[in-house]
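Report on the following structure.
Where a number appears in this text, it was derived from the coordinates with a stated rule and is not lab data. This is a predicted model, so every value here is computed, not measured. Methodologically, a virtual Cβ is constructed for each residue, glycine included, from the backbone with ideal geometry; neighbour enumeration extends over all protein chains shown.
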Amino acid sequence: MGLNEISKFIVLILRHKPETIGITLDEHGWANVDDLIAGISKEYDFNMEMLEEIVATDNKQRYSFNEDKTLIRANQGHSIPVDVELEKAAPPDILYHGTWLTSVHFYMYRVFYKAILGIFIYEPYHFCAAYHET
């Protein structure tokens, strides 16, 4: 299995189902690196160097190590309750989200009516479409 496939497996473990390999996350989503490697190694050839490469080269920056690389967590996108210690900030007056016009209804439902990272949005929002002709 290649690093891309293992990265997807790590997403499953750190965002959704740590029990898949018999590990637990703390309240902030951190997992013990040695436990993660041992759990993945039961299924695939995997080691610390591979994990470091996945974290360093992930184009979406999905993962973070702590300072001494003994803990790892997914930075966002959890379906399980964790506090990833994000700094609270006031939303901008206008928030843009680029998407295909055909996907607007999907995002209106998913983003504004469902929980994202355990945060519910209660403020009234107005939707409008902006078009860019090429």
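Once the Cα gyration tensor of segment 3-74 is found, what semi-axes does its equivalent ellipsoid get, as square roots of 5 times the eigenvalues, in whole Å, sorted largest first?
On the way: eigenvalues 46, 42, 28 Å².
Semi-axes from the Cα gyration tensor: 15, 15, 12 Å.
Provide the net charge surrounding residue 28, with neighbours chosen by a C-beta distance below 13 Å and charges set as Lys +1, Arg +1, Asp -1, Glu -1. Mind dumping the intermediate values first?
Values: positive: 73; negative: 26, 27, 83, 85.
After counting each charged neighbour, the total is -3.
Obtain the nm distance between the two label points defined at residue 64 and residue 12 by a simple spin-label model: each point lies 7 Å from its Cα along the Cα-to-C-beta direction.
If labels sit at residue 64 and residue 12, their model points lie 2.6 nm apart.
To the nearest 0.05, what FRET efficiency results for residue 48 and residue 86 with a Förster distance of 25 Å applied to their C-beta separation? Walk me through the numbers on the way to the answer.
Details: r = 27 Å, r/R0 = 1.09.
About 0.35, to the nearest 0.05.
Long-range amide H contacts for residue 71: which residues qualify at under 5 Å (H placed 1.01 Å from N, peptide plane, sequence gap of 5 or more or a different chain)?
33, 66
At a Förster distance of 22 Å, what's the computed FRET efficiency of residue 102 paired with residue 5, Cβ-Cβ distance as r, to 0.05? It would help to have the intermediate numbers written out before the result.
On the way: r = 29 Å, r/R0 = 1.33.
The computed FRET efficiency comes out at 0.15.
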